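Here the structure is laid out as structure tokens; the discussion comes afterwards.
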Amino acid sequence: MLARYPHCYLVNADYSSLPRIELAEYRTCQVDNVPLIRVSEKAMRGLIKGRRAYMTTFLEHGVTLVEGDGEMPFATGRDVILSIVNNGWHILTVDDARHVLDGRDIANSAGGYLTTRGGWLSDVERDADAIGIAGSLFPFCEQVIASRAAVIVIYTPGLPRPLRLWRLSPTWIMPPLPPVA
């Protein structure tokens, strides 16, 4: 997760109360959908070892802002699909979901594929359909964007098409943010 985002907020799972998160500061980061991840204090020390952690007011409220390696999220929806296939799972963030849905639009696609029915498929649609997850992936992406909460998608190629991709809402990913006023 730290390798994919310039910053992420690590929320201490051992925190005795509900951490107060300054949403204005959260939303002014370089990436709008910076992930908030619940971790134990021990895991947090391991994650920030060798990285610069900014101890701001978030520390007072049980949150640490950690600087990642500065890489941006996946560039395309195809990268997300390839990650699902190669790893067997993927943490589908709001950014990833937007990239997938944007890549589904033929106007945003680098190439198009003509179907036997005379229609067009984008790169993302073709890749998702080739492994049998198109029927599940796009609704999951819409749910992630609507709820503004990440999910883990698990790829099980041995199951029938409707069951090849399923989602798991990890408890350590923060709940959705309230809408921006």
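Miscellaneous remarks
- Residue-wise HN-Hα coupling along segment 115-130, computed from phi with Karplus coefficients 6.51, -1.76, 1.60 (Hz; x: Gly, Pro): 8, 5, 8, x, x, 10, 10, 7, 4, 5, 4, 5, 4, 5, 5, 4
- Over segment 75-168: Kirkwood hydrodynamic radius from C-alpha pairwise inverse distances, Å: 13.2 Å
- Under 5 Å from the amide H of residue 7 lie the amide H atoms of 68, each residue being 5 or more positions distant or on a separate chain, with H modelled from the backbone and absent for Pro and chain starts.
- Amide H contacts under 5 Å for residue 92: 151, 152, 153, restricted to partners 5 or more places along the chain or on a different chain, H placed in the peptide plane at 1.01 Å from N.
- Positive-end ranking of 89, 118, 107 along the dipole of segment 81-128, with charges on Cβ about the Cα centre, is headed by 118.
- Per residue, in Å², the accessible surface of segment 124-174 once ligands and nucleic acids are set aside, probe 1.4 Å: 48 Å²
The values are calculated or read from the model by the stated rules, or taken from the named source; none is laboratory data. Keep in mind that what you see is a predicted model, and the values were worked out from it rather than measured. Cβ coordinates were reconstructed from backbone atoms using ideal geometry, including for glycine residues, and neighbour counts include every protein chain displayed. Accessible surface areas use protein heavy atoms only, side chains included; no ligands, DNA or RNA. Shrake-Rupley method; radii C 1.70, N 1.55, O 1.52, S 1.80 Å.
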